[in-house]
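Please see the structure below; I have some questions.
The values are calculated or read from the model by the stated rules, or taken from the named source; none is laboratory data. Please read these numbers as outputs of a predicted model, since none were measured by experiment. Reconstructed Cβ throughout: ideal geometry from the backbone, glycine too, with neighbour counts over all protein chains shown. Heavy atoms of the whole protein, side chains included, go into the accessibility calculation; ligands, DNA and RNA do not. Shrake-Rupley method; radii C 1.70, N 1.55, O 1.52, S 1.80 Å.
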Amino acid sequence: MNTLGVIIACGKEEEITAGTDAAFLSLGNKPMLVHSLMVFQGASSIDGVIVAVAKDRVTATLHAIKRYGCTKVCGVVVGGANRLSTLRTVFSKMPEPASIVVIHEASRPFVTKSILGETVKAAKRYGCAVAAHKVPDSTKSVPTGMKAAKTLERNTVWTAQTPQAFKFEVLEKIIDPKNKDIKIVDDESAYVRRPSEVHMVEVGELNMKIRSSADLAIATALLNAELT
């Protein structure tokens, strides 16, 4: 397999509130997870898909995959307590090696085929590619409290998002069980050992993450207005 997509639909990072997975809330006329599944299904840059969900969501996920004709899905796995353990489980269940692995959060339903294609292309060249948006505003670093430690130069700060694509051997090193102290939040590319391997892919502001009911309301309005 050339490129494997991994859609994460479980874990604390994917909950709006405790026990409420964003992926299974309705956005428009279908579950949020299905929006990403259908984009991955239609993307020529993706050859297969594995979906990671909580144990009690497996049946619902299988039904959704069948209903919406997501034939590229080659596996549904039960994710772990955190992102790192989930990725290790995915690796152990991969039907065959992939040259590129694309990780995406189901809570970002507005991913596009173009974003996937550009991210995969950059990963093939650089080793790791991160969908991101350059922050145009003046940005302050505030490590603790409410006092700014320094002002970061305008247009040098990016918000890291997903999808994030990795060459197989790069991601394999990151999630190696020997790395006991690593924590991955949002598939943080800072764990790639050579910064030159990380390439930002500008995706704009619409690739939002649904973290709250307010975000869901905004996403619904964008969908209804056909702005995505």
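Counting only residues 5 or more places away or on other chains, whose amide H sits under 5 Å from the amide H of LEU152 once H atoms are built in the peptide plane?
THR139, LYS140, SER141
In addition: Could you go through the stretch 2-12 in sequence order and give the Karplus-derived ³J(HN,Hα) for each residue, using 6.51 cos²θ - 1.76 cosθ + 1.60 with θ = phi - 60°, rounded to whole Hz, and x for Gly and Pro?
Those phi angles translate into 7, 10, 10, x, 10, 9, 8, 10, 8, x, 4 Hz.
Separate question: Return the single residue from ALA52, ALA214, ALA149 with maximal mean-square fluctuation; model: Gaussian network over the chain, springs between Cα atoms under 10 Å.
ALA149
Something else now. Roughly how compact is the stretch 52-92, stated as its Cα Rg over 2.2 N^0.38 Å to two decimals?
The value comes to 1.20.
Quick one: how many Å² of VAL157 are accessible to a 1.4 Å probe, rounded to 10?
40
Once amide H atoms are built 1.01 Å from N in the peptide plane, which residues 5 or more positions from MET208, or in another chain, come under 5 Å H to H?
Excluding prolines and chain starts, which carry no amide H, the hits are PHE110.
Within the stretch 109-164, list the trypsin sites (Lys or Arg not before Pro) lying in a DSSP loop whose Cβ has at most 12 other Cβ atoms in a 10 Å radius.
Qualifying residues, ordered by number: LYS147, ARG154.
Which order do GLU13, GLU105, GLU226 take when ranked by solvent-accessible area (1.4 Å probe, heavy atoms of all protein chains), largest first? Please report the intermediate quantities before stating the final value.
Values: GLU13 45, GLU105 0, GLU226 155 Å².
Largest to smallest exposure gives the sequence GLU226, GLU13, GLU105.
A follow-up question, please. Could you work out which residue, out of LEU87, LEU37, LEU62, moves most in a Gaussian network model of the chain, that is, has the largest mean-square fluctuation with Cα springs under 10 Å?
LEU62
So who's got an amide H within less than 5 Å of the one on HIS199, skipping anything under 5 residues away but keeping other chains? H placed 1.01 Å off N, in plane.
CYS128, ALA129, VAL130
Scaled to the compact-protein estimate 2.2 N^0.38 Å, what is the alpha-carbon radius of gyration of the chain, rounded to two decimal places?
On the way: Rg = 17.2 Å, N = 228, 2.2 N^0.38 = 17.3 Å.
Relative to the 2.2 N^0.38 Å estimate, the chain comes out at 0.99.
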